[in-house]
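Worksheet: the structure to be examined is printed underneath.
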Amino acid sequence: MAGNASRLRTHRPPRRRLTEPAAVRWTLTAIALVFVGLFLVLPLASVFIEAFSRGLGAYRSAITEPDALAALRLTFTAAAFAVPANLVFGVCAGWAIGKFRFRGRGLLITLIDLPFAVSPVISGMVFVLLFGRQGVLGPWMVEHDLRVVFAVPGIILATIFVSFPFVAREIIPIMEATGTEEEEAARVLGAGGLQTFFRVTLPNVKWGVLYGVILANARAMGEFGAVSVVSGHIRGETNTLPLHVEILYNEYNFQAAFAVASLLALLALVTLVIKTIVERRAAITESPGDPVESSEWVSKSAA
Amino acid sequence: MGIEVRGVTKRFGSFVALDDVSLQVASGELVALLGPSGSGKTTLLRIIAGLDHGDAGSVLLAGEDATARSARDRGVGFVFQHYALFRHMTVFENVAFGLRVRPRAMRPSDADITRRVTELLELVQLDYLGARRPTELSGGQRQRVALARALAVEPKVLLLDEPFGALDAKVRLELRQWLRRLHDEIHLTSVFVTHDQEEALELADRVAIMNHGRIEQDGSPDAVMEQPATPFVAAFLGSVNIFHGRLEGGAIRVELAASEIERMNLKAGDTLYVKPRKVAGR
Amino acid sequence: MIYHRFRTAAVAFGLALSLGLAPAHGQALLNVSYDPTRELYQDFNAAFIKYWQAKTGKTVAIRQSHGGSGGQGRAVIDGLDADVVTLALAYDVDAVAQSGLIRADWQKRLPENSSPYTSTIVFLVRKDNPKAIKDWGDLVKPGVQIITPNPKTSGGARWNYLAAWGYALKQPGGTEAKARAFVAELFKHVPVLDSGARGSTTTFVQRGLGDVLLAWENEAYLALDEAPGKLEIVVPSLSILAEPPVAVVDRVVDKKGTREIAEAYLQYLYSPEGQEIAARRHYRPRDPKVAAKYASTFAKVNLFTIDELFGGWQKAQKTHFADGGLFDQIYTPGR
């Protein structure tokens, strides 16, 4: 996932003609198509088919039912916190890691990857262990009547945790690749720290930031495991869209479950479309110049 | 005095990059820092600019101690080896940057900025490329944009790090001559770093030859060529062949020293081949 | 645009605070329950809200949380602010009590062992009962596939397991050894162990796996409604009396000041109205009058209790379901 940004910045090699025999080409293409059809198109299509299996009216009532709307609101709320939080953190961390060498840098990179490495269920349990009644901070929180787990703040925290690495992961490679010369140039020209950051550093990584935000948002809205652990499953209150889908499914309400699931699928599709647009615009407006020069820079700075 | 460096020492871990270096650059002078890679010349340039700080010693700019001042407040123009143009800005905005980031009270009006940038782009002969982005320019054009950008803030001192290093030979020569003419016009105190002795000898008023973090010799091009102060200087400059001769009726009659004839073991009737990369004159 | 985004975040933050931090001023109850009671409490809550309004003139909101019984108990221990718990097993309520949230004598505070309704384990088979399954003994006939969830993770599955054990024990000449052999044989007929009761029902009804599903009686009726004309319920000669317990969470109601309403809520489960609702949702009512009224919908079955055959939940849990217990000894996956 982290490699996407660097892919987005490299030149496409000139198209060469395939030299493999036709049979091989066709077989490989067919395998790819069958695979895509079987594992991507078919399941997605079945979600929508089941969602509309009892007509448009049933679909509409499934997604406008109060619990579904509450779940939708909560999902958006969680994303509305998680995405800006990760934007700020990701840009700061990416900047520190990408532009500076300091003690503990390797540790910080590993820590950022932690939410990718641990199972989401564990991530949720960490918060229960921390903020639960029997947790480290639990007694203090009970005393002060503060609710974190089994309430909205816990869901927001878990969502921030699982979507944590996306922005930082996207911009670290870009920050590293651009080096520090432009910042130095800005400083010599009289720019202050903030001017340098907002006029030089940030614009250079803006596509990476946007890309990271899109991915973080997708994860934030789709997360199930971690949120499930801290949710408490209070109907109409602490159920996000994915949790609501599970509940409907368990109530034998398959059509409604798939109707709500189709909302999530739509969110995912919108995300993909935006992602594609971002990639294309990034490729057009930020063609990174001749790659020879950048590789030269790397070799010079290494020497 | 334009620039004065007093006893600057700089270590990177156990590596001594600069060892008690002192250097004086008179106002309006063009000085070359010449030396092999790792000799400390770029470090010295960065310390003058305030991009690095020495462990000991001081830097004076226009007679004032600037050691504690940040790069931001030193009023120097710096041309980076790879230009470090702001890739997301147009050529025009690159040149205007130094003016736009000034505190409000000192910031010129938009009209003034436009006028100044246009003048500078005319000076570097790129006024027709203002709307382009750096990635759309050739190496020589980028170099000239970097120069215009550095000059835009009206620096007291211009510092250039390997200004021609990333250019191909032909462009390098043109740009070198152009830069010399520019310097003769505006008389800005300038220091440039190079590892190419031809470049240093041809362009600079004075050459400081560096090795292992020390200045081995500091003098005019003729002085360092004629009287190398140390074996290192002699060896480092030794690969340049200098032919003394007289210009007679449109042709140069070259005289070869007896020692050279002996060294090359020339006998009567032999033909002398010289395969220079280039013949320069001054 | 940045300002706009900031405002959105501020609004959202306010919303989160109000939802997450605002203490309920006695106007809302949280009932933490297990999976199959969703439909029951949907009906019951509506009735109670009306009842409370009529009795005291106050409005009350009731929030529901459903999940696996054990996990729900765990969540309450970890801080889910349940005013009342309505779980599948006394064992799970005991666990909450052991954390100090519920007084140890909880089971004696309400009538009938604090179980306002009961259920039992029945068989769900395919239409016309093609494998001719009539009683527990038919389950281990060659070629019969049984669907039941995993007793290690599912409360319902423990009832299934203990029902089978109790049946074997109560046969003429039944001994512990014979019961153990019977249950071991039974689990050899289980092709897949889901982790929860609802998962097993879905496996049997939706995926069409297996010949017979061991299920809660109410769960079996629900499945019958879901797939009309495709399934039949078979009631065995003997089964276990499942007593899902309810309790007020003392520590929470005392803090929130909701004790009065929480106790009234659980009492109302024992009222004729509450009992009717339970009966309509296929839970066996305790009230004799209501039981008589709905007698026709509940098949006659001889029931034994967990206390009489297994010495209570604590002991049954330790003997049968703890790590290295009897279930671990008789069940080897993949056989």
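Any read-out appearing in this document is the output of simple, stated calculations on the displayed coordinates, not a laboratory observation. All values reported here derive from a predicted model rather than from experimental measurement. Cβ atoms come from the backbone with ideal geometry, glycine included; neighbour counts cover every protein chain shown.
Observations on the structure shown:
- Mean shadow area of the stretch B:186-240 over all directions, Cα convex hull, nm²: 3.9 nm²
- Prolate/oblate/rounded label for the stretch C:244-325 (Cα gyration tensor, a/c 1.5): oblate
- Most mobile of C:V96, C:V235, C:V301 in a GNM of chain C (Cα contacts under 10 Å): C:V301
- Between the Cα long axis of helix A:22-36 and the first principal axis of chain A there is an angle of about 40°, rounded to the nearest 10.
- Inter-centroid distance (Cα atoms) of the stretch A:36-55 relative to the stretch C:290-335, Å: 41 Å
- Estimated translational D of the stretch C:134-267 in µm²/s (Stokes, Kirkwood radius over Cα pairs; 20 °C; 1.002 mPa s): 128 µm²/s
- A Förster distance of 22 Å, applied to the separation of the beta-carbon atoms of C:R180 and C:K318, puts the FRET efficiency at 0.85.
- Listed by chain and number, the lysines whose C-alpha is less than 21 Å from the C-alpha of C:K318, apart from same-chain residues fewer than 8 away, are C:K152, C:K178.
- Mean separation of Cα pairs under 8 Å and 6 or more residues apart, divided by the residue count, gives chain C a relative contact order of 23 percent.
- Estimated [θ] at 222 nm from DSSP helical runs (n ≥ 4, -39500 (n - 2.57)) normalised by residues in chain A, nearest 500: -24000 deg cm²/dmol
- For chain B, the Rg and Dmax computed from alpha carbons only, in angstrom: 21.1, 76
- In straight-distance terms, cross-link reach from B:K10 covers every one of the lysines whose alpha-carbon lies under 18 Å from its own, apart from those fewer than eight places away in the same chain; here that gives B:K41.
- Label point distance in nm, B:A235-B:R115, each placed 7 Å from Cα along Cα→Cβ: 5.7 nm
- Computed helical MRE - 222 nm, chain B, DSSP H runs ≥ 4 contributing -39500 (n - 2.57), nearest 500: -9500 deg cm²/dmol
- Amide H partners (placed H, <5 Å) of C:T120, local residues excluded: C:E217, C:N218, C:A242
- C-alpha long axis of helix A:291-302 to longest principal axis of chain A, angle in °: 80 degrees
- In terms of overall dimensions, the C-alpha atoms belonging to the protein assembly as shown reach 135, 68, 53 Å along their principal axes, ordered largest to smallest.
- Counting DSSP beta bridges with both ends in the protein assembly as shown, the antiparallel % (nearest 5): 55 percent
- Axis of helix B:91-100 versus longest Cα principal axis of chain B: the two differ by about 60°, to the nearest ten degrees.
- Estimated FRET transfer efficiency when R0 is 45 angstrom, pair A:T27-C:Q145 (beta carbons, to 0.05): 0.65
- Mean projected area of the Cα convex hull of the stretch C:145-214, taken over all directions, amounts to 4.4 nm².
- Rounded to the nearest Hz, the phi-derived 3J(HN,Hα) couplings of the stretch A:105-110 under the Karplus curve 6.51 cos²θ - 1.76 cosθ + 1.60 (θ = phi - 60°) are 4, x, 4, 4, 4, 4, where x marks glycine and proline.
- Nearest-0.05 FRET efficiency for B:E198 and B:T271, computed from C-beta distance (R0 25 Å): 0.45
- Cross-link partners for A:K275 among the aspartates and glutamates, with Cα-Cα distance under 14 Å and sequence neighbours closer than 8 places in the same chain left out: A:E170.
- Centroid-to-centroid separation of the stretch A:200-234 and the stretch C:170-207 [C-alpha atoms, Å]: 44 Å
- Averaged over A:143-152, number of beta-carbon atoms from partner chains that fall within 10 Å: 5
- Here the spin labels are modelled as points 7 Å beyond Cα on the Cα-Cβ line, and at B:A169 and B:D65 they lie 5.0 nm apart.
- Two-decimal Rg to Rh for chain A - Kirkwood Rh, Cα set: 1.04
- For the stretch C:267-307, the residues whose backbone nitrogen is under 20 Å from a point 7 Å from the Cα of C:D135, taken along Cα to Cβ, are C:299-305.
- Chain C - mean residue ellipticity at 222 nm from DSSP helices (-39,500 (n - 2.57) per run, n ≥ 4, rounded to 500): -13500 deg cm²/dmol
- Considering only A:V245, A:V24, A:V41, the mean-square fluctuation computed in a Gaussian network model of chain A, springs between alpha carbons under 10 angstrom, is largest for A:V24.
- Highest mean packing first, where packing is the average number of other Cβ atoms within 10 Å per residue, the peptides B:64-70, C:181-187, B:232-238, A:180-186 line up as A:180-186, C:181-187, B:232-238, B:64-70.
- Burial order of peptide ranges C:155-161, C:273-279, C:128-134 (average beta-carbon count within 10 Å, highest first): C:155-161, C:273-279, C:128-134
- Ordering of B:99-110, A:72-83 by packing [mean C-beta count within 10 Å, highest first]: A:72-83, B:99-110
- Among C:D92, B:D184, C:D211, the ranking by other beta carbons within 10 Å of each residue's beta carbon, starting with the fewest, stands as B:D184, C:D211, C:D92.
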